[in-house]
Structures are given as structure tokens and as C-alpha cells.
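The values are calculated or read from the model by the stated rules, or taken from the named source; none is laboratory data. In this text, all values refer to a predicted model and were calculated from it rather than measured experimentally. Here the Cβ positions follow ideal geometry from the backbone for every residue, glycine too, while neighbour counts run over all protein chains shown.
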Amino acid sequence: MLSENTVSRIKASLQRIFSMKITRSTFREVQNAIISAAGDNKEEVNEIFEAFLSGKPKEKLAKGKALDALKACIDEFSIPIRLSKEVHERGEFVNIITSDTLTQGDRIAFLNRVRRIDGEEFHFVTDPESTLHLLNHFVGRLQELGRADQTKEILDKHKDQILQLQERIGQTFEQEVASAQ
């Protein structure tokens, strides 16, 4: 059972950890802080992690003022801990992609911004030709998934999105053909 002092130590450690930018190592720091405060009791450590990740402490973790302090700590740090776990596990994956259209005379380019889950962001510029090159590259990657037996099910899970993309591309070219006539 957690004491008020233990909850206070966990809270102080979490305040220090989350006063800095969340990185791939932040979740490890959280784990170390909880293990250090809770000691060698693996069951209790797992229950504390579960409480922060679910947002709800189990009644057997603490009682009275210690439980109130734990609930307040969980309310304050549950979301940052979940985010730190996601950054730890999937930090380099794409979170969002946006583009702006840039025009100069009759030239068109796109300023593309890619933001990863860990918050890192990078920019690159494409023209229509290089945009088509990127699209061809990624369609080729999807075709590779379709050729491998162990990855066909991945494509099946996203069949609706692939069909929507196919439809959007078809509509774009139908509009171009109609406007050219």
C-alpha cells in the first residue's frame, strides 16, 4: 500500500520529468521514478503503472489522504505518461502531414510539413512531378505488401481507405479529361 510520502516522491519525480520536452527516453524515466519510489514490489509497481495508464487507481493501492493524493497525481500526469509511452513506442511514426501551395507565375510547388509523434517536424518542397514520384513510390510499397503472404492481411484491414484513394484519383483524372474536351 502506498503512503502519502511515496505518492509525494512520485509526484515530485514526474514534475521534474515533465518539465522537459517528451522524448523517446521519457517513458523510461517515468518507469525508473515509479520503481524507485515503490521499491521492489513488482505487483505494486505494475498496479501504479496501470493506474496512470488507465487514469484510475485501484482502491487497494492507497487509503485515505494517500489515495486522494494518488488520484490528484494521476489526474495531473495520466495524459503525459500515456503520451510518453506512445512516443517511446511509436515516436518516429508520422502523426500529421500538411501542405501549402506555392505559386510563382505559372510554376506551382507544394511546401510539405511532416510531424512525427515525438513532435519532430521537417519540411520539404515538391513540384507536381516530384509529388507524382512520391505517390508512385508509396503505391509501389503498398503493392509489395500485397505480394507477401504475411502482409496481405494488413492491406485487407485498410481496404476501404485504399478504395477511397483509388476513387479520388479516378475522379481527379475524370475532371481533367472533361475540362480538356
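Of the helices (runs of 4 or more DSSP H) lying entirely inside segment 125-181, those containing at least 1 residues that are in contact with a Gly (Cβ under 9 Å, 6 or more places away or on another chain) and free of Cβ contacts under 8 Å to residues at least 24 places away in the same chain are 152-157. Within 17 Å of Lys11 (Cβ to Cβ) and outside any helix (DSSP H, G or I): is that true of Pro57 in this structure? Against the criterion (within 17 Å of Lys11 (Cβ to Cβ) and outside any helix (DSSP H, G or I)), Pro57 qualifies. Selection within segment 67-83: residues that are touching a residue at least 24 places away in the same chain (Cβ under 8 Å) and among the charged types (D, E, K, R). The member of this set that is nearest to Arg16 (Cα to Cα) is Glu76.
Residues that are exposed (fewer than 13 other Cβ atoms within 10 Å of the Cβ) and of a type in the set (S, T, N, Q) were ranked within segment 44-90; the one that is modelled with the lowest pLDDT is Asn46. Across segment 52-66, the qualifying residues are those that are free of Cβ contacts under 8 Å to residues at least 40 places away in the same chain and more than 20 Å from Gln31 (Cα to Cα), and the one among them that is nearest to the chain's Cα centre (by Cα) is Glu59. Which residues, counting only those in segment 11-42, are among the polar types (S, T, N, Q) and either assigned to a helix (DSSP H, G or I) or loosely packed, with under 15 Cβ neighbours inside 10 Å (or both)? Within segment 11-42, Ser13, Gln15, Ser19, Ser25, Thr26, Gln31, Asn32, Ser36, Asn41 qualify.
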